[in-house]
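Data block below; observations after.
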Amino acid sequence: MKTHKGPVVGYNVQIAVDAKHNLIAEQQVHDNVTDIGQLAQTAVAARENLAVERIDAVADKGYYTIGDIEACEAAGVTPYVPKPIRSPSKRKGFFPKSGFQYDVTTDTYACPSGHCLRPAYFHDLPGGIRIQYANRDACRSCSLRPRCTTDTHRRISRYANEIVMDRMAERLAAKPDLLDHRRESVEHPFGTIKQWMGQGTFLTRRLSNVRGEFSLTALAYNMRRAINLVGVPALVAAVST
Ligand code: SF4
């Protein structure tokens, strides 16, 4: 892995766990340091392995990126990823973005003083078009400006396709227990593999070798889990049909 401290021998294992049976529905091994950008390819592969039209995919905030969420929605995966708390404005003592209310019907933000911020600046970035909303005239004479910005006016950024994140936030708000359930589901295979199967570290090195090794590990875990769930006779009968 290429870390900020230089290259290290390490691997990033991604698994999709079936929440009902705790079986591994998909596994992948990468050498990316972060989980950003890994959700769609793992979740979509899991959906295909399960041979279903749609699945829900719950992941932690390390997977929160707009391109991945959009790709999931387009491929039959309904994502649930909590938004990480990243608020440089709040750290500086300014109103956070959450203090500005977005109105989808007018495509405007209402700021803390009740003024309307409209699309003003457009940036074509790798993640999509980023729009900055502003109201220069209102900020110029606003008594709240010291709590808002050191600039002449405040800008609020939003991606043109950010509606997918708004939809996801609404889904998450409607199912507050989902994230706890995710933790329990994903810990089951990792805990079993490390504690009960005695595999705390990889035996092999190099990405292709580790991919092969973990593929066998996941297979062994799933066989063991299936035996626990249905027993050997039922498993043998299912495999032989
Ligand atoms: S400074 Fe501008 S954006 Fe901030 S509260 Fe005042 S009018 Fe609204």
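The values are calculated or read from the model by the stated rules, or taken from the named source; none is laboratory data. Everything quoted here is computed from the prediction, not taken from an experiment. In this analysis, Cβ positions are derived from the backbone assuming ideal geometry, glycine residues included, and neighbour counts consider all displayed protein chains.
Computed quantities for the displayed model
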item: Test: residue in the stretch 201-220 that is surrounded by fewer than 13 Cβ atoms within 10 Å (Cβ to Cβ), modelled with pLDDT under 90 and not in a helix (DSSP H, G or I); result: yes
item: Spans of helices (runs of 4 or more DSSP H) in the stretch 22-94 with at least 3 residues in the same structural domain as residue 192 (by TED's automatic domain parsing) and charged (D, E, K, R); result: 66-74
item: Those helices (runs of 4 or more DSSP H) lying entirely in the stretch 98-192 with at least 2 residues within 16 Å of the ligand (Cβ to nearest atom) and either free of Cβ contacts under 8 Å to residues at least 24 places away in the same chain or surrounded by 14 or more Cβ atoms within 10 Å (Cβ to Cβ) (or both); result: 136-140
item: Failed criterion for residue 70 (all others in (1) closer than 30 Å to residue 5 by Cβ; (2) buried (at least 18 other Cβ atoms within 10 Å of the Cβ) hold); result: (1)
item: Output for the stretch 167-216, where each listed residue is closer than 14 Å to residue 17 by Cβ and among the hydroxyl-bearing types (Ser, Thr, Tyr); result: 185, 192
item: Any hit, the stretch 60-80, residues being within 16 Å of the ligand (Cβ to nearest atom), of a type in the set (Gly, Ala, Ser) and over 21 Å from residue 218 (Cα atoms); result: no
item: Residue match in the stretch 197-217 (condition: in contact (Cβ under 8 Å) with a residue 60 or more places away in the chain and acidic (Asp, Glu)); result: no
